[in-house]
Amino acid sequence: MIKVIGINKSYGTAAILQNISFDISDGQIVALFGPNGCGKTTLLKIIAGLDKQDSGEIKQLNKSDDSDLSAGLVFQDHRFSLLPWMTIRGNIELALISRVKSKPEREEKVNQIINRLNLGKHQYKYPYQVSGGLSQLSAFGRALALNPDIYLFDEPFSALDYQSALKLQQQFLALWEKDKKSTIIVTHSIDEAILLADQIIIFSGLPAKILDIISNNIPRPRSLEQLGGDLSQRIRQKIISIAQSFLI
Amino acid sequence: MSNWKKQLIIILIIAWVWFLLAESEILPVLLFPPPQKIISAFWHLFVGGTILSDIGATFMRLFIGLGIGSLLGILIGLSTLKSKGRSGLIFWIDFLRSIPAAALLPIFLLLLGLGEISKITLVIFSVTLIMSINTIYGIKNINNIRLMVAKNLLLNTWQTFSKVIFPEALPHISSGLRQSISFSLIIVIVIEMLVSTEYGLGRRVVDYHLTFEISSMYAVIILIGIIGYSVNKIYVLLETKKVHWIGK
């Protein structure tokens, strides 16, 4: 289990995050839902160790050693997060060069990921030569190659058109079902949160506080059809009412 | 009709009109020799002329200057990676760049004598300025997300530099090199015209001018145009192949 405990963060005098606490059980997907620019990305950066909190801590329970939490990040905009001077394959391999020193071993690992994601046909193309969906799938592949303790996704579907986003969500769920790794996903889409997450954490605007945490017990493996069901309807209502009450 | 065919037809039309004007003596033949005389002069540049030594001398100055200048400029640019003193450096480079390089020639001649050293040093000087400013802009504009990616993928300092920062700056560096090529050709030709030297395309233009071999003078000028155009074209071809991610 990963515990986020009382995180506070401000930039100068501007408070960004206020006393953020929640738990991510092993193999859970947690969605962070809230207005734009409310510090969700800052929170991801803190969890990833790319930014420092003013107070509070990120704790990983039952870890054998006391090494830092390792995180696999996927960013919203694949045009920046993927490196256009490297092929899809090169981009995935980049996640391994610091840890896997032997070239054949690295090649083997990259091959595994390429096969898992079905990217064989595109592996020697450059990111700008493939669709946004495939680019973002490659970005997932790169996070996969890191084999981290937790995946951190910052609106990974929001730069895609609706169809590609749906397709990529299915692909992601299928991947996730295999190794059930803890995941935090920032999203603006209620349906995305309902489809993917076990817990939906609703944030207020700046400074960001947690307004509510809604659990989502729709049985897995999930499919798009379930988005129309009673249970998901109830969750949707709840999220909307919380978001609305905050507006007033 | 392809573009170069159109341009060829335009050249033929210009030559034909020139021919008619020269034959009918509307244009003074001494100043505007008819095209067939220029073509024959062009032929004689290569057969029995010194033109190959001239091209060699000009290219030697051009490429040594470009090579050393680019290397120095890129190194100076990269030395601002930690952003310390960057704005101070930009001021000095901008100031020195604002002085037309030809105006500095007397200083170089006084300091370094009339030989090759002073000629090539002026080219190096100009190229270094152009290359360092372009390299600085290249690394100044590095995308923050890509730096986060490098950190998230646990790249070490050298890997971050060689796999992320340098490739990101390369489009800027390459455009600096393109400017440098055109610019140093101008500088080399001007130096050759102003400073005594045995060989060099600029020298050939001046010599033919002074001996009033006007057809040969035109032939050398056209040759310089062809060389400048080809060197640029070849570079752009190389650039689109090697720095394929420009604008992607």
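The values are calculated or read from the model by the stated rules, or taken from the named source; none is laboratory data. If you're wondering where the values come from, they're calculated on a predicted model, not measured in any experiment. Reconstructed Cβ throughout: ideal geometry from the backbone, glycine too, with neighbour counts over all protein chains shown.
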Item to check | Unique residue being within 14 Å of chain B (Cβ to nearest Cβ), under 22 Å from B:Thr160 (Cα atoms) and either surrounded by fewer than 19 Cβ atoms within 10 Å (Cβ to Cβ) or β-branched (Val, Ile, Thr) (or both) when the list is A:Ser70, A:Ser135 | outcome: A:Ser70
Checklist entry - Given (1) more than 14 Å from every other protein chain (Cβ to nearest Cβ); (2) hydroxyl-bearing (Ser, Thr, Tyr); (3) within 14 Å of the chain's Cα centre (by Cα), where does A:Ser164 come up short, assuming only one miss? => result (3)
Checklist entry - Scanning for something without any contact (Cβ under 8 Å) to a residue 12 or more places away in the chain and either touching a strand residue (DSSP E or B) at 6+ places or on another chain (Cβ under 9 Å) or buried (at least 16 other Cβ atoms within 10 Å of the Cβ) (or both), does region A:26-43 turn up at least one residue? => result no
Item to check | Lone unmet requirement of (1) under 30 Å from A:Arg236 (Cβ atoms); (2) in contact (Cβ under 8 Å) with a residue 40 or more places away in the chain; (3) not assigned by TED's automatic domain parsing to the domain that holds A:Asp23 for A:Ser131 | outcome: (2)
Checklist entry - Can you tell me which of B:Phe63, B:Phe19 is in a helix (DSSP H, G or I) and farther than 22 Å from B:Arg203 by Cβ? => result B:Phe19
Checklist entry - Is one or more of the residues making up region B:222-239 over 25 Å from B:Leu105 (Cα atoms) and small (Gly, Ala, Ser)? => result yes
Checklist entry - Of all the helices (runs of 4 or more DSSP H) wholly in region B:82-167, which have at least 3 residues that are of a type in the set (Val, Ile, Thr)? => result B:116-140
Checklist entry - Quick one: how many residues across region A:73-116 are outside any helix (DSSP H, G or I), more than 10 Å from chain B (Cβ to nearest Cβ) and more than 14 Å from A:Gly141 (Cβ to Cβ)? => result 3
Next on the checklist: Report every pair of residues separated by at least 6 positions or lying on different chains whose Cβ atoms are under 7 Å apart, first residue within region B:167-178 and without any contact (Cβ under 8 Å) to a residue 40 or more places away in the chain and more than 13 Å from chain A (Cβ to nearest Cβ), second in a helix (DSSP H, G or I) and surrounded by fewer than 19 Cβ atoms within 10 Å (Cβ to Cβ).
Outcome noted: B:His172/B:Tyr137
